[in-house]
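One structure is given below, encoded as structure tokens.
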Amino acid sequence: MLAQVARSAPDFRLKSTKNATSVRDLGKELSLSDYKGKWLVFFFYPLDFTFVCPTEILALSDRYEDFTALGADVVGASCDSVFSHYAWINTPRDKNGISGLKYPLVADYTKEVARAYGVLDEISGVAQRGLFIIDPEGVLRYSTVTADNVGRSVDETLRVLQALQTGGLCAADWKPGKELLKV
């Protein structure tokens with residue numbers, strides 16, 4: 001099944017860095033069903049230890065409480081191994097690491113989930129920069145894919161999440177506190 005807005009999001013069960021305090025703790029599997037009942041911001045990035053990726057991964061982490069305040073969680077994914085993720089999480093920020101990350105990364109080592117979400121570059125074997133917002137019932141409500149050289153906006157992701165949570169019609173550039181469209 002290929003990810004499609006307004007349809008059930010493709011399920012996943014992937015090894016993660018969740019609650020890992022050592023290499024021995026790695027590999028707790030996370031699945032889409034673990035997030036039933038809450039909103040999920042699920043995103044793919046190309047590779048660990050690259051240049052644009054840590055800027056957006058850390059930007060999301062630095063604003064993690066803004067997401068949880070909205071009843072949402074965040075999960076990042078790439079086609080790297082869970083061991084690579086763990087090494088990167090334990091690398092200081094000033095050394096191009098993502099130390100202090102507040103949400104888990106999952107390892108789509110087989111590339112099946114990246115393929116299901118339509119972000120796998122089949123030639124390079126690397127995931128493109130894709131971001132998906134999934135509602136509490138597991139329905140995909142938002143999808144965007146950007147060029148690898150352009151990082152995503154946390155403010156825009158939060159704005160879209162808030163707009164989706166209204167359940168109403170939100171005009172262009174709608175922001176919380178603005179009126180919804182009346183038809």
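Here, each number is a calculation from the coordinates, and none is a lab measurement. Please read all numbers here as calculations on a predicted model, not as lab measurements. Counting neighbours? That spans all protein chains shown, and the Cβs are built from the backbone with ideal geometry, glycine included.
Cβ crowding within 10 Å, taken as a proxy for footprinting-reagent exposure, orders Lys15, Lys178 from fewest neighbours to most as Lys178, Lys15.
Across all C-alpha atoms in segment 1-89, the radius of gyration and Dmax reach 13.6, 39 Å.
Have a look at the DSSP beta bridges in segment 13-152 and tell me what percent are antiparallel, nearest 5. Percentage antiparallel, nearest 5: 70.
Per-residue Karplus couplings for segment 21-35, computed as 6.51 cos²θ - 1.76 cosθ + 1.60 with θ equal to phi - 60°, are listed in order as 10, 7, 4, 5, 7, 5, x, 4, 7, 10, 9, 4, 5, 5, 9 Hz, Gly and Pro entered as x. Relative to the longest principal axis of the Cα atoms of the chain, helix 52-62 runs at roughly 60 degrees. Of the GluC sites (Glu not before Pro) in segment 115-183, the ones in a loop by DSSP (not H, G, I, E or B) with at most 13 other beta carbons within 10 Å are Glu122, Glu137, Glu179. Full extension of the chain segment joining Asp11 with Glu29 gains 5.2 nm, where the gain is 0.36 nm per residue of separation less the Cα-Cα distance. The helix-only estimate of mean residue ellipticity at 222 nm for the chain, built from DSSP H runs of length n ≥ 4 each weighted as -39500 (n - 2.57), is -6500 deg cm²/dmol after division by the residue total.
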